[in-house]
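Asker: What follows is a single structure, and I will ask about it in a moment.
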Amino acid sequence: MKLSRLFTVLFLTLVLVVAGCSNGGDTEEDTSSKNKDKTTPPSSEEGLTIAVESNFTSLDPHDTNDNQSYSAQSAIYEGLLGFDEDLNIVPVLAKDYSANEDSTEFTFTLKEGITFHDGAPFNAEAVKANLDRLSDPESQLRRASLFELVEKTEVLSEYEVKVTLKEPFGAMPNNFAHPAAGMISPKALEQSNQDIARNPAGTGPFKFVEWKSGDHLTVEKNEEYREEGLPKVDKIEFKPVPESGSRVAMLQTGEADFAFPVAPNQVETLKEEEGVSIETKPSLVVKYFSMNTMKEPFNDPKVRKAMNYAIDKEAYIKVVYDGYATQTKSVIAPNTQHYEEQEVYEYDPEKAKELLAEAGYPDGFETTIWGGTSSLKQKMMSFYKQQLSQVGVTLNVVPMEGGTLGDKIWGVDNPEDAELELYNGGWSPSTADADWGMRPLFSSNSFPPDAYNTAYYKNEKVDELLQKGLSTADDQERGEYYAEAQKIIWDESPWVPLAVPDILYGKQDYVQGLTMLSSGVMDLKQAEIVSE
């Protein structure tokens, strides 16, 4: 590392850490009056308190677009299939399943004797009701694109159902394992989408109790859960805590039993805390900021490439993640199926200035980035602001609470009306497959509000390749299509791809069985409190 870059990293680290410590100190003092006795683990009846990063957005799995909401939903809902810790597909509500040779028909044999939390029976009719809703092109559900290939769902018997696709798709089991495929009670499906989002009824180990936005979400033990001995705690309370210092303080005092995420710069602090453990694992998440390619100056590829050269990714990992991340070398993470490594944009501010001058911006320009309000997200955007200022780009940072941000981005029906210029984003393909890692973000059919192409990126060849990858059951062919698409997208730079962060979470040592999947979704089923 050149000496000038080293000074930049050290300076940024000092500035951002001091800012974080200042905020954290105020919060620790405020929370101390509510502390419980950390030396005594809670009883199973008292349950667990989980501190999370922000407010939940919805309890409707079919209409959810964030892993934090899926974490709470994982206590309430189950799908036909799911993922284990190693991202292997495993049966959940299905006893088993089979596919025909060209992967256009999937037949599920269902487990029997299961009821939803509201008393409705789980059977083939319930599965059909859910998949009909998910595959309805008029539904406008945020996860409908995962099931747009479903042509029809047929009830073969009370506990057997067949799903027929419009065309072959070998990775369809990954979509069935996605949290979006959680089965909702058919009684609940008769209600409005708004009612489903606030009053969930699934088959999971916990039942919904209440949700007070901004304060807590509570679930309680499902006494009729089919697996003997589960769940092992009577209650889980989720508390949204945007300030990372507060989440750490809650772990230190015992006010929280589990916290996710833990800010990287606080890992060492918690490592010294008696009775607290820090866990890390690789993720499927790619952190980036997107550029609205329909707006000037980001409609010019030279400007977008300049933005890539202007950001020092090594410094980003050091300053924002304290080294608990790796530089991303594609628009999907290495653990995602059909990942193809690309040639990175090395940090080169002089090259960035040259490209900006060639594009007609020798003195730079002014732009605005939208993002979340958490400490970590604000640190990211502060980093971009400092870096871009070195090449003449003035960045205005606008943090927004999750609901407001969602409304601003996904409340736009006409792309030309979108106010968005830059978006500080992160994406985890919870199917662990390249299709869901790319199609919702780069297909021209995925502009908001239909999906998550916040770059409003359109390339006919990429659309063709993504469709070919979707339409074949040949895994080798799929890999070739996705490799070519990754290269085109990387070269055209609708994003500034930054890093694949490690998953970092903290827990009291008496908490066992509660873990995080690589997708960033919690696995709560085996959670228990183990007293010595």
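Asker: Skip the ligands, DNA and RNA, and give the accessible area per residue of region 376-423 with a 1.4 Å probe, whole Å². Please list the in-between numbers first.
Answerer: On the way: 2130 Å² over 48 residues.
It amounts to 44 Å² per residue over region 376-423.
Asker: Beyond 43 Å, how much of the Cα-Cα pair distribution for the chain remains, as a whole percent?
Answerer: Details: 23863 of 141246 pairs.
Tail of P(r) above 43 Å: 17 percent of Cα pairs.
Asker: By how many nm would the segment from ARG226 to ASP475 lengthen if fully extended, with 0.36 nm per residue of separation less the alpha-carbon distance?
Answerer: Numbers: separation 249, 0.36 × 249 = 89.64 nm, distance 3.60 nm.
Additional length available on full extension: 86.0 nm.
Asker: Can you divide the C-alpha Rg of region 245-329 by 2.2 N^0.38 Å and report the result to two decimal places? Present the calculation step by step, with values, prior to reporting the outcome.
Answerer: Values: Rg = 17.8 Å, N = 85, 2.2 N^0.38 = 11.9 Å.
Output field value: 1.50.
Asker: In whole percent, how big is the carbon plus sulfur part of the accessible area of region 85-160, probe 1.4 Å, protein atoms only? Don't skip to the answer; put the middle values down first.
Answerer: Working: 1550 of 3760 Å².
That fraction is 41 percent.
Asker: What is the Å³ per residue value for the convex hull set by the Cα atoms of region 111-244? Could you put the intermediate results ahead of the total?
Answerer: Working: hull volume 19.8 nm³, N = 134.
It comes to 148 Å³ per residue, whole-number rounded.
Asker: Also: Can you quote the Å³ per residue value for the convex hull of the Cα atoms in region 311-414, rounded to an integer?
Answerer: Numbers: hull volume 16.4 nm³, N = 104.
Spread over its residues, the Cα hull of region 311-414 gives 158 Å³ apiece.
Asker: Mind checking the per residue accessible area of region 454-522 for me, 1.4 Å probe, whole number of Å²? Provide the component values of the computation, followed by the final result.
Answerer: On the way: 2170 Å² over 69 residues.
The answer is 31 Å² per residue.
Asker: Please compute the alpha carbon radius of gyration of region 33-168, then divide it by the globular-protein estimate 2.2 N^0.38 Å. Two decimals is fine.
Answerer: Values: Rg = 18.5 Å, N = 136, 2.2 N^0.38 = 14.2 Å.
That ratio works out to 1.30.
Asker: What's the percent breakdown of Cα-Cα distances in region 50-92 across 5 Å bins, shortest bin first?
Answerer: Using 5 Å bins, I get a P(r) of 5, 20, 25, 24, 17, 8, 0 for region 50-92.
Asker: Against the 2.2 N^0.38 Å scaling, with N counting residues, where does region 401-480 land? I'd like the Cα-based Rg ratio to two decimal places.
Answerer: Values: Rg = 14.0 Å, N = 80, 2.2 N^0.38 = 11.6 Å.
The value comes to 1.20.
Asker: Additional query: Relative to the present Cα-Cα distance, how much length would full extension add between THR368 and ASP102 at 0.36 nm per residue of separation? All intermediate terms of the calculation are to be shown ahead of the outcome.
Answerer: On the way: separation 266, 0.36 × 266 = 95.76 nm, distance 4.72 nm.
Extra length available between THR368 and ASP102 comes to 91.0 nm.
Asker: Whose amide H sits under 5 Å from the amide H of ALA51, counting only residues 5 or more places off or on another chain, with H placed in the peptide plane?
Answerer: LYS239, ASP257, PHE258, ALA259, PHE260
Asker: Now for a separate question. THR164 versus GLU354, label points 7 Å from Cα toward the beta carbon: distance in nm?
Answerer: Output for this residue pair reads 5.9 nm.
Asker: What FRET efficiency comes out for LEU156 versus ASP413 if R0 is 41 angstrom and r is the Cβ-Cβ distance? Round to the nearest 0.05.
Answerer: Numbers: r = 39 Å, r/R0 = 0.96.
After rounding to 0.05, the efficiency reads 0.55.
Asker: One-quarter of the Cα convex hull surface for region 354-490, in nm²?
Answerer: Numbers: hull surface 39.3 nm².
If I average the Cα hull's projected area over directions, I get 9.8 nm².
Asker: Taking 0.36 nm per intervening residue step and subtracting the Cα-Cα distance, what contour gain separates VAL530 from GLU138 on full extension?
Answerer: Details: separation 392, 0.36 × 392 = 141.12 nm, distance 4.78 nm.
Gain on stretching VAL530 to GLU138: 136.3 nm.
Asker: Moving on to the next point. Over region 174-283, with every protein chain in place, what whole percent of the accessible area is carbon and sulfur at 1.4 Å, could you tell me?
Answerer: Values: 1750 of 4340 Å².
Solvent-exposed carbon and sulfur of region 174-283 make up 40 percent of the total.
Asker: Using θ = phi - 60° and the Karplus relation 6.51 cos²θ - 1.76 cosθ + 1.60, list the HN-Hα couplings for region 115-127 in order, rounded to whole Hz, with x at every Gly or Pro.
Answerer: 10, 6, 4, 9, x, 5, x, 8, 7, 5, 5, 5, 5
Asker: While we're here: What residues have an amide H closer than 5 Å to that of THR64, excluding those fewer than 5 places away on the same chain, when H is modeled at 1.01 Å from N in the peptide plane?
Answerer: Placed amide hydrogens put ARG142, ARG143 under 5 Å from THR64.
Asker: Run through region 113-204 and list the chymotrypsin sites (Phe, Trp or Tyr not before Pro) located in a DSSP loop whose Cβ has at most 10 other Cβ atoms within 10 Å.
Answerer: Values: sites: PHE116, PHE122, PHE147, TYR159, PHE169, PHE176; in loops: PHE116, PHE122, TYR159, PHE169.
Those that pass, being in a loop and sparsely packed, number zero.
Asker: Please work out the average accessible area per residue across region 145-253, using the 1.4 Å probe convention, and give it in Å². Mind dumping the intermediate values first?
Answerer: On the way: 4280 Å² over 109 residues.
Heavy-atom SASA per residue in region 145-253 reads 39 Å².
Asker: Carbon and sulfur: what percent of region 348-421's accessible surface (1.4 Å probe)? Can you show the working numbers first?
Answerer: Numbers: 1500 of 3430 Å².
Summing carbon and sulfur atoms, their accessible area is 44 percent of the total for region 348-421.
Asker: Can you list the HN-Hα couplings for region 331-343, worked out from phi with the Karplus curve (6.51, -1.76, 1.60; θ = phi - 60°), rounded to whole Hz and with x for Gly and Pro?
Answerer: Per-residue couplings from phi come out as 8, 10, 7, x, 7, 8, 4, 6, 5, 9, 5, 10, 7 Hz.
The values are calculated or read from the model by the stated rules, or taken from the named source; none is laboratory data. The shown structure was predicted, so the numbers you read here are calculated from the model rather than taken from an experiment. Using ideal geometry, Cβ is built from the backbone for each residue, glycine included, and neighbour counts are taken over all protein chains shown. When the accessible area is computed, the model is the full protein with side chains, heavy atoms only, and any ligands, DNA or RNA have been set aside. Shrake-Rupley method; radii C 1.70, N 1.55, O 1.52, S 1.80 Å.
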